[in-house]
Amino acid sequence: MSISVDSNNLSFVNDLNPAKDMWNMKARIIRKWNQGYKMEIIFIDEKGAKIQGGIKSHLIPVFDGQLQEDAVVILSKFGVGENKDLYKVVVQPYKINFYRCTTVTRVRDWQGVEYGFNFRAYEDILQGEALNALSVDVARSVISCGDLEIFDRSPKETKKMNFDVEALDGMVLRCTVWNDYALQIKDFISKVPPHEHVIAVIQHGKCKEWKCEYTVQSDKFATRIFLNQEIDEVDELRRRHILKFGQGSSSTSQTILSSQSIFPLHKEFVTEGVKKHVDEISEIEEEMSCVVVATIKIVQEEYGWFYAACRKCFKKVMGKSEYLQNVENVSDDILRLPATSLVCIRCHTECTSITTKFKVQVRVQDESGSVSFVMFDRDVQKLIGLAASDIRERQVKANDTGFPHEIFRLVDKKAAFKIDVSEFNLKNDYRVYTVQKTTRDPVIIAELVGGDGNGDENTDEVTQEVADVKDVNLSDSSQVSAERTSRDAVSVTTDSSVVEVEKDSGSSPNGKWMAQDADVANVGELSTNVRRTRKKLTKVNY
């Protein structure tokens, strides 16, 4: 119900004190939770000050239905007491107490902020300066997300999920959420297209230290998580970042989110994974997947670093002539296409909208030897902290035809690699293996190393490397951030016609980019800046 209120009769949070028995205040409910023996609420007033409120168990049925998150209410005839909660959420020393005579009236008018975020600088969190704060708020792009992990711990099952968020200056922060918050993230991401950008806001999180790393974790009750929601205060934060770093910083790198499997990473890599040393891979005689802990030592530049992909299915696109050489049962529609056309190898149709995807061949090493792995988009992006489209666009605008220096961030990264030993590997004695998934979780790596007889491995080194992309330094490539507004632009044309490349981002009014400057005959080799010297085996596996 909406009522007319005399603002002179209302108090603000900072007016409250124990000097009188009954108070009246207009507030917005930004968080509510039920602990069984009591209900807790966090209110914010129109000046942006927050205060906690408490309702004893016997009064919960009276007020529960009247107090909804995001509602604006006038509270009348409530008391004010000292906030002695063991786990305070807000700095305010007082707390609102509900009485049986307390009344709650819904109103519509609100002149204050929606949530009262107090965003903490990533640098403060990563340096531990926020460790003693009652709560921290963070907001930024989600760049990687782990699987839901489930632990059978008494008295009930515990759920956990890790994800990383990145600030516009390249700083990466690890976030860990538990139980219902982990399910919220999982459920949201399972419904989001794999390449859609995700903005996460964590309100009332806790700064924690774990193995010399500072992270933000969900609180047991008070935390609230917003995913891709239109929030004025977040828009204001974005505008401040644009003013500080420039207009180019307003665009975003392509988000990588691992598809949520029914098995957590620990189960996939440790419990059910078949562990192998590098020298054992070549002895495998049947198709299988196995797990190898190794360190990337060399990026094999001669095999390129990206391929042109269909925007619909993200599979490789080929020039018509290359497609005809590699695919059987070609349709009449394809045969009728002009010679300069591009064709998707999965959709089997002409492709006029393309994007850029990583395909990088690396040499990895453990104590038993070395071997070559091929890594694709998700895992490369997770390790270097940039999308292929970001790098490719920088090259196009800088007229840079060399092998990008950003790819060398892979070197010296230690990880657990889940690889595929395929029928193609076995029949052709082809000793370059495809990486299905990687993890740099120090716990998983330590268990794999400890469980395979390698007691000499230094697990401290593993812990040091857990920050997947914290070493991303854009200072040596200042144009990367400034050029991101036209992301996913790929320079590809045919001999006589221009291929149109759609953008994911709506940051540019043009909405589309016209790709240029590459012959269709070389589309199949778009990922290569130096021609291959090894005999190329015929295989379509993108």
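The values are calculated or read from the model by the stated rules, or taken from the named source; none is laboratory data. Please read all numbers here as calculations on a predicted model, not as lab measurements. Virtual Cβ from ideal backbone geometry, glycine too; neighbours counted across all protein chains shown. SASA here: full protein model, heavy atoms, side chains in, ligands and nucleic acids out. Shrake-Rupley method; radii C 1.70, N 1.55, O 1.52, S 1.80 Å.
What single numbered condition from (1) touching a strand residue (DSSP E or B) at 6+ places or on another chain (Cβ under 7 Å); (2) of a type outside the set (F, W, Y); (3) open to solvent by 60 Å² or more (accessible area, probe 1.4 Å) fails to hold for V172? It fails just one condition, (3). Filtered by the rule that a residue be within 24 Å of F314 (Cβ to Cβ) and not in a loop (DSSP other than H, G, I, E, B), region 173-199 gives I185, K186, D187, F188, I189, S190, I199.
Applying the selection to region 353-367, what residues are touching a helix residue (DSSP H, G or I) at 6+ places or on another chain (Cβ under 8 Å) and open to solvent by less than 40 Å² (accessible area, probe 1.4 Å)?
T355, T356, K357, F358, K359, V360, Q361, V362, V364, D366
With respect to being in contact with a Lys or Arg (Cβ under 9 Å, 6 or more places away or on another chain), among the charged types (D, E, K, R), open to solvent by 30 Å² or more (accessible area, probe 1.4 Å) and modelled with pLDDT of 90 or more, D412 fits the description. Restricting attention to region 331-345, the residues that are more than 39 Å from the chain's Cα centre (by Cα), assigned to a loop (DSSP other than H, G, I, E, B) and not polar (S, T, N, Q) total 4.
Out of the residues in region 381-409 that are in contact with a strand residue (DSSP E or B) (Cβ under 6 Å, 6 or more places away or on another chain) and of a type in the set (A, V, I, L, M), which is modelled with the lowest pLDDT? Across region 381-409, the extreme among qualifying residues is A388.
Screening N9, N17, N97 for residues that are within 30 Å of Y181 (Cα to Cα) and polar (S, T, N, Q) leaves exactly one candidate, N97.
Would you check which residues across region 135-158 are open to solvent by less than 60 Å² (accessible area, probe 1.4 Å) and outside any strand (DSSP E or B) and list them? Within region 135-158, S135, G146, D147, L148 meet the criteria. Filtered by the rule that a residue be within 17 Å of F119 (Cβ to Cβ) and open to solvent by less than 10 Å² (accessible area, probe 1.4 Å), region 196-206 gives A200, V201, I202, Q203, H204, G205.
As for region 271-282, it holds at least one residue that is more than 29 Å from the chain's Cα centre (by Cα) and either open to solvent by less than 20 Å² (accessible area, probe 1.4 Å) or over 26 Å from I419 (Cα atoms) (or both). Within region 372-402, the set of residues being of a type in the set (A, V, I, L, M, F, W, C), open to solvent by less than 10 Å² (accessible area, probe 1.4 Å) and within 18 Å of F417 (Cα to Cα) comprises F373, M375, V380, L383, I384. Taking residues in region 16-32 that are closer than 16 Å to D64 by Cα, and partners anywhere that are small (G, A, S), the pairs with Cβ atoms closer than 8 Å and at least 6 places apart or on different chains are R28/A71; R28/G112; I29/A71; I30/G116; R31/A222.
Given the residues D124, D147, which is the only one that is within 30 Å of G385 (Cα to Cα) and touching a residue at least 40 places away in the same chain (Cβ under 8 Å)? Step through it out loud before you land on a result.
Working: D124 fails: touching a residue at least 40 places away in the same chain (Cβ under 8 Å).
Matching residue, one of D124, D147: D147.
Checking each residue in region 96-134 for being of a type in the set (D, E, K, R), exposed (fewer than 14 other Cβ atoms within 10 Å of the Cβ) and in a loop (DSSP other than H, G, I, E, B) picks out R100, R108, D109. Taken as a whole, the condition of being touching a Pro at 6+ places or on another chain (Cβ under 7 Å) and on the phi < 0 side of the Ramachandran plot applies to I150.
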